[in-house]
Amino acid sequence: MSNKVKCSHCHLQFNEDVMIKDEDHYFCCTGCQGVFHLLSEEGLDSFYEKSNNVVLTPQSVKYEDSLNFNTESFYDRFVKVDSDGFNEVSLVIEGIHCSACVWLNEKALHKMDGVIDANINFTNNKAKIVWADDIVKLSNIIDMIRSIGYNAFAYDSSMQEVHANNERKSYYLKMAVAIFASMNIMWIAVAQYAGYFTGITQDIKTTLNTAEGILATPVLFYSGWIFFRGAYYGLKSKVVNMDLLVATGASLTYLYSIYITLEEEGEAYFDSVSMIITFVLIGKFLEIISKKNASDTLDMITKQIPNEVKIFQDNQISTCRLDDVNVGDIVVVSSGERVLLDGVVTKGDGSFNESSLTGESEPIYKSEGDYIISGTASIDADVYYSASKDFKHSTLSNLVNLLETAIEKKPKIQQMANKLSEHFSTVILLLSVITFFIWYLWPHSFEESFMVGISVIIIACPCALALATPVATLVGLNLGASRGILFKEAAQLESIANIDTIVFDKTGTITNGKPSVVKEHIYEEFDINILYSLVKLSNHPISKGLLDYIIENNDVSELDFEEYRQIPALGIQARYKDLNILGGNKKLLDDNSFELDFDSTCTLFYFIINSRIVGIYELEDAIKDGVKELVTKLSKRGINSVMLTGDNFSVAKSVAEFVGIQNYLYEQKPQDKESYIETLQNENKTVVMVGDGVNDVLALARADIGIVMGSGSDVALEIGDVVLLDDSINSLNDAFKISNTTYGLIKQNLFISLAYNGITIPLAMAGYVIPLIAAISMSLSSLLVVGNSMRIKYKWSRD
């Protein structure tokens, strides 16, 4: 039989052969092991000296076995692998109700070996955790979260409503007890107050105090248990949080009232105890409801994603798991159904609603050969289409991922507020103690000094400070998503609001990106199939415009080139049999030592075979509606607009003058654009780059913020910080308005929070606020910040 040994953390005894040995220590589970190392690293080893002979109680709540989080099925459904090869999962942390809870969980997780990043959003308690699976397992991470008093489960939008309802039911019951007891306490208090003025014997007073105490006890220890629990785990991890303020204030008042009742002298304050817990609890519940409403956009998007789709296979229609559909499979969409995968229509036609992506409600007609986007809905179309992407890479999946990532990233202003709120509660406790002694030594009675000190604790509200940024940010992100504007990080709302320079690409950004041939100049006869095949392999808008013209006017077939190369910002080079082929702009001619004077205000495409110019095509690209108005609005805000284009001087000058841009550069290569933005940044400019193509990638990456049109190249979409799904210049204007409005309200929220605490705390210290009013004020301050954040939806359109 194995010897029994004690766990170095909880002191429970188990057989040695089942224990985890870590140097000279033994642990019964990875949770105990994690907490032991966390306490040691934080210099809290004295915990074990003080509890050396105390056996800690095992966790009474029965959780799902954490090893289930390591299963292959769980990984397939919830775990992703990022570009660096690390695992990534989204969890919901149960039990978080203040910013200190967020801080404690993030700190505990960051202390674990193998955890690369842990970021928790306070508005929805959702954690994004990145870890190295070869160093630490997900089950170990779950055990760590549970060991500090919280629980975690995989983020699943279909289950979010269930968890939210369970949380609401728990609050309903706690509030019901608190409100029922408080109402009865107030009836008793009426009798006491009446007796105070008309006379009351001590016996009756003691009886009434006892009745109040009995009613206040379940309010404090049942309804207020969440505050004691939060305070305990905060202190255990050396964190002073809002829960400690509430629990301390209510408990001290409760104990003092018991003393008064037993001694039968002075005034008891059981009514204040009950009201403090009741009003703060109601405030927390309303805060939870408000935060849930603020985050509903993402849940609404994800809840609309079914698990199955219909596919046409082996001459019959069958259902298939969404994740099992491969590129090339034929998917069937019926009238009223949502498109879940991107693809090209192969059969059928009809209208589609793209408002969920673009914000535009007008139906779009699609027929055979047209591209349909996941996330749109069929209005009257029954179509078959070939999937061009699997679900993980679809527009809808990318939309959800971008929103999730954006919500998890904290702006600088929020990080500042979080750091401030970390030390807030400690300062308040010190102020409360100082206030008590000042009042007591002034001199005032112990009772009066005590209640003033309690009021200082109760009235302070770190939650308003912690909520100032995340709720406003979440509302702004969701508003953007509903308008077809995807901010990849919440921090970009702040950055865009502070820019002073915006750089535009021309083609596809200022113009529609769909140039059409207006004139053709043929100097020598050539095989049109060569030109057709040359431009067909390119995604550049000029190539697409030329391709449409060739198909419309010729009967063509595709050729296979021996060599083919696209030259960024210049054109295309290819070889077919004994022919050396070039196609591109004037800069391509210059680089290959061609001399030709051809003056035109149009965009020119030169076609060259074996060093001879055989054709020139003139193309025009219509300027998008609203560009001129946007440039004017930006100028009024003090934002300088610049246009960079690979086109020639004549075209660049014509477009820039039409839209009102004073600064423009032409014949720009990708590296030239990047270099120009770097020059602006060296002049301490904050730069936004707006583009859509491969030739904009370097500039988008270099800029402080890269904004990409949704029709742009995959590389540009990956690099960009903000994506405009509908390609509209109006969406660009909306992006600026949403950012400015959100950032303005964030500053308002911070002002409200700081002003509230700056005014009410001195008033409480001066003795002008009783604990009951302090509790009401504390709850109202948080609700005021949340309510102000919700104004974004109604305010932004007027800015």
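The values are calculated or read from the model by the stated rules, or taken from the named source; none is laboratory data. Here the structure is a predicted model, which is why all the values come from computation and not from measurement. For neighbour counting, all protein chains shown are included, and Cβ atoms are generated from backbone atoms with ideal geometry for every residue, glycine included. Note: areas computed on protein heavy atoms with side chains; ligands, DNA, RNA excluded. Shrake-Rupley method; radii C 1.70, N 1.55, O 1.52, S 1.80 Å.
Expected output is a single nm value to one decimal: the length gained when fully extending between D134 and K6, i.e. 0.36 nm times separation in residues minus the C-alpha distance. What is it? Before the final figure, lay out each step's value.
Working: separation 128, 0.36 × 128 = 46.08 nm, distance 2.89 nm.
Extra length available between D134 and K6 comes to 43.2 nm.
Going from most exposed to least, what order do S386, S533 have by accessible area with a 1.4 Å probe? If you can, show how the numbers build up before the last one.
On the way: S386 35, S533 0 Å².
Sorted by accessible area, descending: S386, S533.
So, in nm, how far is label K685 from label E629 when the simple model puts each one 7 Å beyond its Cα toward the Cβ?
Label at K685, label at E629, 2.6 nm between them.
Grab the beta carbon distance between D314 and D349, set R0 = 30 Å, and tell me the FRET efficiency rounded to 0.05. Walk me through the numbers before you get to the answer.
Details: r = 25 Å, r/R0 = 0.82.
In this case the efficiency is close to 0.75.
May I ask you to compute the full-extension gain from A211 to T601, defined as 0.36 nm times their residue separation minus their alpha-carbon distance, rounded to one decimal in nm?
Working: separation 390, 0.36 × 390 = 140.40 nm, distance 9.12 nm.
Full extension from A211 to T601 adds 131.3 nm.
Please list, in chain and number order, the residues 5+ apart from T511 or on another chain whose amide H is under 5 Å from its amide H, with Hs placed from the backbone.
Amide H to amide H, under 5 Å and 5 or more residues apart or across chains, T511 pairs with K624.
Evaluated at 20 °C with a viscosity of 1.002 mPa s, what Stokes-Einstein diffusion coefficient in µm²/s does the range 511-563 have when Rh comes from the Kirkwood expression over alpha-carbon pairs? Display every interim value, and only then the final one.
Numbers: Rh = 11.9 Å.
Approximately 180 µm²/s, per Stokes-Einstein.
Excluding ligands and nucleic acids, what accessible area in Å² is computed for R637 using a 1.4 Å probe, to the nearest 10?
100 Å²
Hey, can you rank 109-121, 269-281, 223-235 by average C-beta count inside 10 Å, highest first? Don't skip to the end; give the middle numbers.
Numbers: 109-121: 17.9, 269-281: 27.9, 223-235: 20.6.
Per-residue mean Cβ counts within 10 Å order the peptides as 269-281, 223-235, 109-121.
Starting from a Cα-only point model with no solvent, please compute log10 I(q)/I(0) by Debye for the range 655-707 at q = 0.13, 0.16, 0.23 1/Å.
So the normalised log intensities work out to -0.31, -0.47, -0.93.
Cross-link list K126/K685; K586/K673; K392/K669; K488/K587: which exceed 26 angstrom alpha carbon to alpha carbon? Please list the in-between numbers first.
Details: K126/K685 35 Å; K586/K673 18 Å; K392/K669 33 Å; K488/K587 35 Å.
Correct reply: K126/K685; K392/K669; K488/K587.
³J(HN,Hα) across the range 588-597 via Karplus (A = 6.51, B = -1.76, C = 1.60, θ = phi - 60°), whole Hz, x for Gly/Pro?
Each residue's phi maps through the Karplus curve to give 5, 4, 4, 5, 10, 6, 8, 10, 7, 9 Hz.
Enumerate the whole-percent occupancy of each 5 Å bin, from 0 to the last occupied one, for all C-alpha pair distances of the range 468-532.
Computed distribution, short to long bins: 3, 11, 13, 14, 13, 10, 7, 5, 7, 7, 6, 3, 1, 0.
Which value in nm describes the separation of the simple spin-label points at D382 and Y564, placed 7 Å from the Cα toward the beta carbon?
Roughly 3.9 nm, to one decimal.
What residues qualify as long-range amide H neighbours of N580, i.e. H under 5 Å apart, gap of 5 or more or another chain, H built at 1.01 Å from N?
For N580, the qualifying residues are N610.
P(r) tail for the range 567-705, what percent of Cα pairs lie past 26 Å?
32 percent
Spin-label point model (7 Å from Cα, Cβ direction): what's the K80 to L173 distance in nm?
Rounded to a tenth, the inter-label distance reads 3.7 nm.
Considering only protein heavy atoms, with the full assembly of protein chains and a 1.4 angstrom probe, order S731, S170, S611 by accessible area, largest first.
Values: S731 5, S170 50, S611 90 Å².
My answer, sorted largest first, is S611, S170, S731.
How much accessible area per residue does the range 646-687 have, counting only protein heavy atoms and a probe of 1.4 Å, in square angstrom?
Working: 2200 Å² over 42 residues.
Each residue of the range 646-687 exposes 52 Å² on average to a 1.4 Å probe.
Can you tell me the FRET efficiency between E263 and K111 if r is taken as the Cβ-Cβ distance and R0 is 51 Å, rounded to the nearest 0.05? It would help to have the intermediate numbers written out before the result.
Numbers: r = 48 Å, r/R0 = 0.94.
For R0 = 51 Å, the calculated efficiency reads 0.60.
G615's amide H: which non-local residues (gap 5+, or another chain) put their own amide H closer than 5 Å, with H modeled 1.01 Å from N in plane and none for Pro or chain starts?
Y523, F607
For the range 517-557, with every protein chain kept in place, what is the accessible area per residue (1.4 Å probe, Å²)? Before the final figure, lay out each step's value.
On the way: 2330 Å² over 41 residues.
Result: 57 Å² per residue.
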